[in-house]
Each structure stands twice: as C-alpha cells, then as structure tokens.
Number of protein chains: 2
Amino acid sequence: MSRLVEITDLILRDAHQSLLATRMATEDMVGACPDLDQAGYWSLECWGGATYDSCIRFLNEDPWERLRTFRRLMPNSRLQMLLRGQNLLGYRHYADEVVDRFCERSAANGIDVFRIFDALNDIRNMERAIAAVKKAGKHAQGTVCYTISPVHTVEAFVELARQLQARGCDSICIKDMAALLKPQPAYDIVKGIKKACGAKMPVHVHTHATTGVTLVALQKAIEAGADIVDTAVSSLCLGSGHNPTESLVEMLEGQPYHSRLDLDRIDKVRRHFDQVTPRYEAFMSAYQTVDTRIFKSQIPGGMISNMESQLREQGAGDKLEQVLEEVPRVRQAAGYPPLVTPSSQIVGTQAVFNVLMGPYKAITSEFADLMLGYYGATAAEKDPDVIQKAQASSRKEPITCRPADLLNPEWNVLRSEALELKGCNGSDEDVLTYAMFPTAAPKFFSERAQGPRSVARPAGQAPVSTQPATVAQAREHTGITEPVRYLVTLGDRSHKITVEPM
Amino acid sequence: MSRLVEITDLILRDAHQSLLATRMATEDMVGACPDLDQAGYWSLECWGGATYDSCIRFLNEDPWERLRTFRRLMPNSRLQMLLRGQNLLGYRHYADEVVDRFCERSAANGIDVFRIFDALNDIRNMERAIAAVKKAGKHAQGTVCYTISPVHTVEAFVELARQLQARGCDSICIKDMAALLKPQPAYDIVKGIKKACGAKMPVHVHTHATTGVTLVALQKAIEAGADIVDTAVSSLCLGSGHNPTESLVEMLEGQPYHSRLDLDRIDKVRRHFDQVTPRYEAFMSAYQTVDTRIFKSQIPGGMISNMESQLREQGAGDKLEQVLEEVPRVRQAAGYPPLVTPSSQIVGTQAVFNVLMGPYKAITSEFADLMLGYYGATAAEKDPDVIQKAQASSRKEPITCRPADLLNPEWNVLRSEALELKGCNGSDEDVLTYAMFPTAAPKFFSERAQGPRSVARPAGQAPVSTQPATVAQAREHTGITEPVRYLVTLGDRSHKITVEPM
C-alpha cells in the first residue's frame, strides 16, 4: 500500500530569497506559473517578508499586485505565505487589530495557507495570527522552529505542536531554516507529533540544504508519517537553498510512498528558471555547496559572514574564532533562542561586542530587549546576571506578559500617516505596506506609477563585446583597439577573459 | 547497539576526476595526506585509469612515483585503486600475463585494495585480475556496475555478487557511476547480497551525486547492512562528483550507526582543498548542480554533452532529441550494457550514426565489436538482425569465449618495444605505462626528466591588479591609467569587474 506524499514548491519565495537575495521580479516568474499550477503541488509558497520588502525596496513592484497576479495565474493551486506571527512581515510586534487586518487582506488577495512562526517559538506571538487566519476561513499552519540546544528536546517540540493544535492550527510545520535537522530527530519529531496530535494532523517539513543531510531527513520524516515536504525545482536549489523537487520525487520510486507531481511539467518549470537565474548572478549566494561547519558552531553560514565583516570593520578580523566560541555562551545566557532572523543577528552582534569589549561591557538595545522579554519568552531560563546588566544598560524593566499586550491600538494612526504620503492610494493594503516598512514605503508610493524595475541583467552566451553601453564606456576610458587578455580573479575563482572593441 | 560504518574517501581520485577533469597534480595533494592518513578512513582511493593517463599526458608525472608518494605519506592507510578488469587501466583487453604483472607491481608499489570492474559486468573479464590480486596477497574487491534495464533485476545483481564471491573476492562493491541508484533498490540489493553471500561479506557502496538522491540511497544501503560507503570531502563534492564525507558522518548521528572519522582532521583536509581547487577552475565540470533528467533518458550527463558536440560538428544540432530517443533502442539491441566508459561512448556514437544515416546504415567498428562479443557478454540477448549487420560491416565473426582467450602472450613484445623508447628506464612499471598508453608513453618517457608540470593557475583573493605579468601586458596594449568597469559575461554568468593599473 502506497501513501501519498504531498509537496510544496518554494521556487517563488524561499528559493530565490535564499539563493538570489530575493531579487527575482514578478515578470521572471509568470512564465512558469501555468505549469506550476498544473503540476500537482499541495501548495506553492510565493509570498513573505523578504519578497514584500524586496518588491517595494528594490523592484518598484506592489507586493499585493504580485500576489493578485499569482492568484490569477494559478487558479487551481493553494498559495502559501510565511508570516512572522505578531511581527507580520515587519521587524516589530504589531497591535492585534493590525494583525487581524493583515490576515484578512492577505486572504482576500489570494493567500490560502498561512505558515505562522515566531523566532523564539513563543506561542503567544503566534496565537492572534492563528485566530485571524481561521476567522478569514483560511488554512493556519502552526510552526515549530527547529534548533539544537540542551532544552530543545523532541518532547519540547512535540509539546509546542500540541499547543499549536489546541490554538486551532490546521497543520504543523517543522521549520529547519538552518539545515540542522538530521535524519533521526526528523523521524522522532514527526513520530512524536503524529502520536501527540493524532495521525490526521498534517505534518509539513521545511528544510534547507546547506549541510547536505536534509534530503535524508525528509526521507526519514516521510517514513515517520510526514504528509507534506518542501522542495524547490532543481534550477534554483541546494547550497543555502533547498532540496531539489525532482530528486524528492525520484527518491520515492519503489518505496511505499508516491507523489502526484507531473515531472514533465516540472521539467518545463526547470527550463524556465534555468533561463532566468543567470540574469541574477550578481545577487547569487556564495553558499552554493555543502557546509557542515554549522553543526559544530551552531551558527548559520550567513551569520558567520556577517560577523566576519563586522569584525573586519572594527579592525579585529583575527578575532573570528573567539567570536564563534562566544556565540554559544551568549545563546545560553539568552535562554537558547533558535538562531534565525532576528535572533541570529542579535546574538551574533552581542557576541562580537563581548569579544571586543569584554563580556556584556556594552549591550545592544536589541539584546537588552531579548534578555528582558520584549521579543517573547525563550525555551530556557536566562542568566540573571546578564538580565540585570541588560536592565541597567537599557533602563527598561523585564516583562513576562505577551509583548503585544503592551501595545495600544495603532491602525488609525498608521492609516492617517500613510494617507499623508504622496502616491498612497488609500487602500488598507497601502496602509499595511506603510505599517511594515515605514522607511521604504514613502519612496515606493511616490514612484509606484513608474512601474516595475527589474534588477536582472542580460545573460546568455553573449561575450563582453555585445554589451554596447559598457563597451563604449570602456573604449572611452581606454582607447582599446585590439583584443586584450586578462586573468580575472573573482573571489576565489580565476577566469581567462578576452576583451575586445566593437 | 551501534554498528560501525566505514568510509572510503574519493578526494584523491574520483572526486577530481569527476569535477576537475583529473587534472590535480600530486603537489596539490601531498599537503592533505597526513590528515587523510590519520582521519580514520577504511581506505583512500587514490589511483586509477584516468589519473594514470592524466599524469603522463598532461602533468609530466610518473604515476608510479605518485603512488609511492602516497604510500610514503599515508603509512597507516589502505590505498585503493580502480581497475578495469582485463583492460587494466587501458582501453583494450590485455593478455593474462600482463594482468598478472600489473597487479603484482601495483601491490609492490603500494596498492592494498583493488576495486575490479568490467563495463559489461562480464565476470570473465574480471576473474584473472581477481586471481592476480589474491596471489599478490592484497584485497580483491569484486564490482557490480549498477544500471537500470528490464534485465537488471535485484536478483541479477545479487547473482553476480555471488559469482564474485565464488571467485575469491574479499568484498563486493556496488558501483553507481551514473547516480542512478535510488534508495529502495540500494536497500534491496545490499540486503540481497548480504543474504546470498553471508552477513560477513563486506558490501561497499559507491555512488555519484548527480541526481541528488544518492545520499538517501547510502542511508538505505546502510540500513540494509552496507559496511563501507564512498564519499568525498566537501570542498570537492556534489554535481557529477560525490556525496560529501562530512554530511555522511553527521547524517548518522542519533542513528544506530556510527563512523570512526575524526571531523577535525577532515576539516583540515577540507580547508586544504578549498585552497587548491579554485586553481583548477578552467577544468571544472559544468555539472555542479542536480540533474535528474538522466532518470528519464538513462543517459549520463557527460554523454549528452558529448553527443551534442558530435551532432553540432555534423551540422545536426537540432537532432539531439531524436538521438536521446534512439539511445535506449541501441542499448536494447546491444543487450542492455551499462552505460559507462567505454560502452557509453560506443552506444552514444552509434545512436548518432543511426539518426543521421538511418538505423545501422553505418556501424562503428567499436559497436560491431560490442555486438559480436569482443567486449564480453551482455546481460540480455542482442538483436540478431543487428548482429548480422555488424558481422557484414566488420567482416568479423561473433565470439562467445572470454575475449582475452584470443590473445597471444605479449609481455616480451611490449617490453622490447618499450625499451626502444628514449627515456624508458627499463622497469616493469615503464613497460606497463607503454602497454596501457602506447601513444602518450613515448613523449612522457622522453620528457620525464624535466619533472612535473602542474596545469593549476594562480587563484585566491588577489584582484586582477596583483597579477603583475598580466597587468603589464594589458597596460602595454591599452594604456589604462584609471579603473575601468566592465560587465563580463562568461558562459551564462555575468560579473561586474573593475580593472585598474598598478
């Protein structure tokens, strides 16, 4: 007897967020939508904080218009988004009425499945969004952020899943944003959730590929009963991205599991993005291969490179090893938060400060907020000495309530501020754009009428000499009249290049 | 109870053969040898046909000297080589006395483990080498080449393993050179071999990573009882290469299996090759990501690109799809040979001929030999019509005997021919070099005294301006006096480049 395994493709959101700095324009996605719509996916993830931000900040695209485009082009598919709980798509907690309004508008514009998470796994930061999604008649997926620490046991993850079920979640996601999920814990957690929440509670597993082990984790999760897994079409996969969709499908052959994906359709999607992605080369992640160091340091690859540049700016490039050893100590002091945006940056920056200036001699305001409960509760007790120092440094009191309980209603204020901006169209959607990205929204509203501005660049077989503007410019500077050969070193790769005038 | 899983690292042979066109020089490997030697591997694969060929053809290195260097630098390790059965490291069958001599000399120079395979899985092409290795007191590993066809059942692979055991093999290798091995057949074949050959017969699994599913296949092979698996350190892995060693080790955590590898040592090896590999960028395989099309076409990626260039040379670049459809028909007519060197080239070229000129209107002499049994027996019956055409075209009779039975003793002839070459040192090793690579050996012998010639090129963080010769040359041509920006397109990737004088 074969069991159906469903698949969510990440190509429209997390794949290009992880591998192309979220820069892909809607115009480069629409061509793949009809095939994606017909391929037999459980859902298509296509919207989230970084894509929203990138739309208004870099692409001059209205993210709501992008969503409506997807809805129109994929009428047969569940459209899925990633929602940061009470933070929505922004970087602070919002008042409940803003959460309600956002979920209602997202549902009305086309989202079917809301994957709701909190960086600290604090369910109080997720429960309002869950309720709002349910009220809008849509699928609320509660999320367990996976991490490794002495307190993050299988039992603790299962207990969080049980609480999410009690809040009304329609499914549970295990979110492995750092590719830390190994096969055995994947099996144990899925088994545990199925036992605690009932076999009928759908379990959805999200992994990244960075460490090279997570396709095996998906295999074991499926053996344990996982219903849905996340992958990305192979033209934009691996590295800090995800496991390839086609490989997942092929992997199941002969096993007592099957997908319902149409590989011919997927191959068309693959070819589409094979054409598109080279044009975003300038934004391509350096993490294209396997990196298992994260298992040792517990520090995501992207975070290490951030810390390296922070240190170099301070003239302390030689202190990286010390910082890598400091991070686990800071994480312990802070109650073992999962290292994911924004906790990874907060913990990493404090570790840098500790190494450069001595332990907690200087405390960032974000780290103080984390220590004092303003981001929510952590899984373990925090270090009382460090709490005291955070209190002294920030002159704030520790809190234990749900952080959003401290907020006043703010919709009307946000609305009137948004309406004053040139180009704001007065819709709730525009107010939400302003609410979540108050610094980027004004410029976007004022320039929106100019239409999308893709940051993709021409690619293909064309040599340098077919880039007319560039060549003209080069000739103006150099007077090159015949081919010149260079050995060009980019990062750690060398290329033989011939440059010639036209 | 935890079971030990042993690991063979491929970094010194198959990894750079698959990813860097076998171009890595010995000088770029020696730095990693002490750590490889101490890391806790079952064996280190470090010698084979392509590395031997590359040494004398491109690197002006004596391959026997490379082997002795490895032996000296890795005294605690089993050194492993890949041997093409009766073909040794060359492209034809050799008389038995040459096989004996080669195995004896390889053992004397340092090889401990001989992985012996035949492209057609014809055991008669392997048995002399097996006997010679046993006589030399070394480990003879019999190989089952994995492929997919109606006749390549689990039972057929298990039966071949049983026959290899009967010939005295010390272990059985399942060799998945095309990354076709999915998890379920991996499990079934290992289980079957363990049942047929006894639990004590070591089973060693070799896979490539191309299709993205084979780390999962290794997981299932281990569950079925596989004793040893092949991987490569992560600085030279994935794509047409192999699964990363570090990921395999991490994958086992928490499962009832463990390795004995020292990950700190492996990390030093990783850093070593992270420095080395960029200098071989010019030889780097284009197959660096996942490609699952091979499951559909059954044609390895490298073979598709070969066929594409053959077709383009004939002005028939538009006929690729027809050729891809012809290949399975040709393979069927030839009795379903596994597609691996040389059978992949033989079948692929005949498919191109069939499409361009009509089915079997022209038959290559190699394809005729394949049809008439001169490469050995295939797993299935061949098409009698095509046999007849091959017979007519080549004016040769079909044979059913072991091909090497037709050969006369040849050692003395080879020896006297080799001794006439300028620079030949008269050793058996030099005679073997001449025997296996008669066209490349003369030049190598005559130039050997000049010493190794690495084809690696400078790399690293250095910008263009620190490549003095190149910059001087460029300035001479261009008179560049200030930084110039270019958009440079290499293949399908664009880079922003700044060139400045020094």
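The values are calculated or read from the model by the stated rules, or taken from the named source; none is laboratory data. A quick note: this is a predicted structure, and the numbers were derived from the prediction, not measured. Virtual Cβ from ideal backbone geometry, glycine too; neighbours counted across all protein chains shown.
Please determine, by comparing only the residues of segment A:170-186 that are away from chain B (no Cβ under 14 Å) and of a type in the set (A, V, I, L, M), which one is farthest from A:Thr143 (Cα to Cα).
A:Met177
Return the residue satisfying two criteria in turn: it lies in segment B:255-266 and is part of a helix (DSSP H, G or I) and either closer than 12 Å to B:Asp9 by Cβ or touching a residue at least 12 places away in the same chain (Cβ under 8 Å) (or both), and of such residues it is farthest from the other protein chains (Cβ to nearest Cβ).
Among residues in segment B:255-266 that are part of a helix (DSSP H, G or I) and either closer than 12 Å to B:Asp9 by Cβ or touching a residue at least 12 places away in the same chain (Cβ under 8 Å) (or both), the one farthest from the other protein chains (Cβ to nearest Cβ) is B:Arg265.
Restricting to segment B:279-293, and then to whatever is more than 8 Å from chain A (Cβ to nearest Cβ) and modelled with pLDDT under 90, can you tell me which residue is nearest to B:Ala456 (Cα to Cα)?
This residue is B:Phe283.
Just to check your reading of the model, which residue among A:Leu67, A:Leu89 is part of a helix (DSSP H, G or I), touching a strand residue (DSSP E or B) at 6+ places or on another chain (Cβ under 8 Å) and either modelled with pLDDT of 95 or more or not aliphatic (A, V, I, L, M) (or both)? First the steps, then the outcome.
Working: A:Leu89 fails: part of a helix (DSSP H, G or I).
Exactly one residue qualifies, and that residue is A:Leu67.
Please list, ordered by first then second residue, the pairs with beta carbon atoms under 6 Å, 6 or more apart or interchain, first in segment B:187-204 and within 12 Å of B:Asp170 (Cα to Cα), second among the hydrophobic types (A, V, I, L, M, F, W, C).
These pairs meet every condition: B:Cys197/B:Ala161; B:Val203/B:Ile172; B:Val203/B:Val190; B:Val203/B:Ile193; B:Val203/B:Ala226; B:His204/B:Cys173; B:His204/B:Ile228.
Report whether or not A:Phe367 is aromatic (Phe, Trp, Tyr) and either outside any helix (DSSP H, G or I) or away from chain B (no Cβ under 14 Å) (or both).
So A:Phe367 fits the description; yes.
Only one residue in B:Leu88, B:Leu67 is within 24 Å of B:Glu410 (Cα to Cα) and either buried (at least 22 other Cβ atoms within 10 Å of the Cβ) or aromatic (Phe, Trp, Tyr) (or both), so which one is that?
B:Leu88
Hey, any hits in segment B:233-250 for a residue that's away from chain A (no Cβ under 12 Å) and out of contact with any helix residue (DSSP H, G or I) (no Cβ under 7 Å at 6 or more places or on another chain)? Even if it seems obvious, please write down each step before you answer.
Of segment B:233-250, the ones away from chain A (no Cβ under 12 Å) are B:240.
Next, from what is left, pick out any that are out of contact with any helix residue (DSSP H, G or I) (no Cβ under 7 Å at 6 or more places or on another chain): none.
Checking segment B:233-250: not a single residue is away from chain A (no Cβ under 12 Å) and out of contact with any helix residue (DSSP H, G or I) (no Cβ under 7 Å at 6 or more places or on another chain).
Tally time: how many residues in segment A:418-440 are under 16 Å from A:Arg66 (Cβ atoms) and in a helix (DSSP H, G or I)?
5
Return yes when A:His152 is part of a loop (DSSP other than H, G, I, E, B) and either farther than 24 Å from A:Asp430 by Cβ or touching a strand residue (DSSP E or B) at 6+ places or on another chain (Cβ under 8 Å) (or both) and no when it is not.
yes
Read through the list (1) modelled with pLDDT of 95 or more; (2) at the interface with another protein chain (Cβ under 8 Å from one of its Cβ atoms); (3) surrounded by fewer than 24 Cβ atoms within 10 Å (Cβ to Cβ), then give the number of the only condition that B:Gly225 fails.
Among (1) modelled with pLDDT of 95 or more; (2) at the interface with another protein chain (Cβ under 8 Å from one of its Cβ atoms); (3) surrounded by fewer than 24 Cβ atoms within 10 Å (Cβ to Cβ), the lone unmet condition for B:Gly225 is (2).
From (1) among the hydrophobic types (A, V, I, L, M, F, W, C); (2) free of Cβ contacts under 8 Å to residues at least 60 places away in the same chain; (3) out of contact with any Gly (no Cβ under 7 Å at 6 or more places or on another chain), pick out the condition that doesn't hold for A:Leu414.
(2)
Kindly indicate whether A:Gln141 is of a type in the set (S, T, N, Q), buried (at least 18 other Cβ atoms within 10 Å of the Cβ) and modelled with pLDDT of 95 or more.
yes
Which numbered condition in (1) in contact (Cβ under 8 Å) with a residue 24 or more places away in the chain; (2) within 14 Å of chain B (Cβ to nearest Cβ); (3) surrounded by fewer than 19 Cβ atoms within 10 Å (Cβ to Cβ); (4) not in a loop (DSSP other than H, G, I, E, B) is the only one that A:Val276 fails?
(3)
Sort out which residues of segment A:187-209 are surrounded by 24 or more Cβ atoms within 10 Å (Cβ to Cβ) and either farther than 26 Å from A:Ala39 by Cβ or at the interface with chain B (Cβ under 10 Å from one of its Cβ atoms) (or both), and write them in order of number.
Taking segment A:187-209 as the starting set, the residues that turn out to be surrounded by 24 or more Cβ atoms within 10 Å (Cβ to Cβ) are A:189-190, A:193, A:203-209.
Scanning segment A:187-209 gives A:Ile189, A:Ile193, A:Ala209.
Show the residue pairs meeting these rules: Cβ distance below 8 Å; 6+ apart or different chains; first residue within segment B:219-239 and closer than 19 Å to B:Ala186 by Cα; second residue aromatic (Phe, Trp, Tyr).
B:Lys220/B:Tyr187; B:Ala221/B:Tyr187; B:Ile222/B:Tyr257; B:Glu223/B:Tyr187; B:Ala224/B:Tyr187; B:Ile228/B:Trp42
Among (1) in contact (Cβ under 8 Å) with a residue 60 or more places away in the chain; (2) surrounded by fewer than 19 Cβ atoms within 10 Å (Cβ to Cβ); (3) touching a helix residue (DSSP H, G or I) at 6+ places or on another chain (Cβ under 8 Å), which single condition is B:Thr341 missing?
Answer for B:Thr341: the failing condition is (3).
Quick check on this structure: which one of A:Asp9, A:Asp53 is under 16 Å from the mean Cα position of the chain (by Cα), surrounded by 22 or more Cβ atoms within 10 Å (Cβ to Cβ) and charged (D, E, K, R)?
Values: A:Asp53 fails: surrounded by 22 or more Cβ atoms within 10 Å (Cβ to Cβ).
Answer to the selection: A:Asp9.
What is the residue count in segment B:419-444 for residues that are surrounded by 14 or more Cβ atoms within 10 Å (Cβ to Cβ) and hydroxyl-bearing (Ser, Thr, Tyr)?
2
Which condition does B:Arg329 not pass, out of (1) over 29 Å from A:Glu250 (Cβ atoms); (2) without any contact (Cβ under 8 Å) to a residue 40 or more places away in the chain; (3) not aromatic (Phe, Trp, Tyr), if it passes all the others?
(1)
In the list B:Thr378, B:Thr400, which residue meets the criterion of being touching a residue at least 60 places away in the same chain (Cβ under 8 Å) and β-branched (Val, Ile, Thr)?
Checking each option against the conditions leaves just B:Thr378.
Quick one: in segment B:355-394, which of the residues that are buried (at least 17 other Cβ atoms within 10 Å of the Cβ) and of a type in the set (Asp, Glu) is nearest to the chain's Cα centre (by Cα)?
B:Glu366
Residues in segment A:301-320: is at least one at pLDDT 90 or above and surrounded by 21 or more Cβ atoms within 10 Å (Cβ to Cβ)?
No, because not a single residue in segment A:301-320 is at pLDDT 90 or above and surrounded by 21 or more Cβ atoms within 10 Å (Cβ to Cβ).
Being in contact with a Cys (Cβ under 6 Å, 6 or more places away or on another chain) and among the charged types (D, E, K, R) is the requirement here; does B:Lys195 meet it?
No, not satisfied.
Residues checked against (1) surrounded by fewer than 24 Cβ atoms within 10 Å (Cβ to Cβ); (2) under 21 Å from B:Asp267 (Cα atoms):
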residue	(1), (2)
B:Ser18	no, no
B:Asp37	yes, yes
B:Asn60	yes, no
B:Ala95	yes, no
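Among the candidates B:Ala108, B:Ala119, single out the residue that is closer than 20 Å to B:Ile346 by Cα and aliphatic (A, V, I, L, M).
B:Ala119
Across segment A:100-111, which residue is nearest to the chain's Cα centre (by Cα) among those that are in contact (Cβ under 8 Å) with a residue 60 or more places away in the chain and either under 17 Å from A:Gly376 (Cα atoms) or surrounded by 23 or more Cβ atoms within 10 Å (Cβ to Cβ) (or both)?
Going through the qualifying residues, I end up with A:Ile111.
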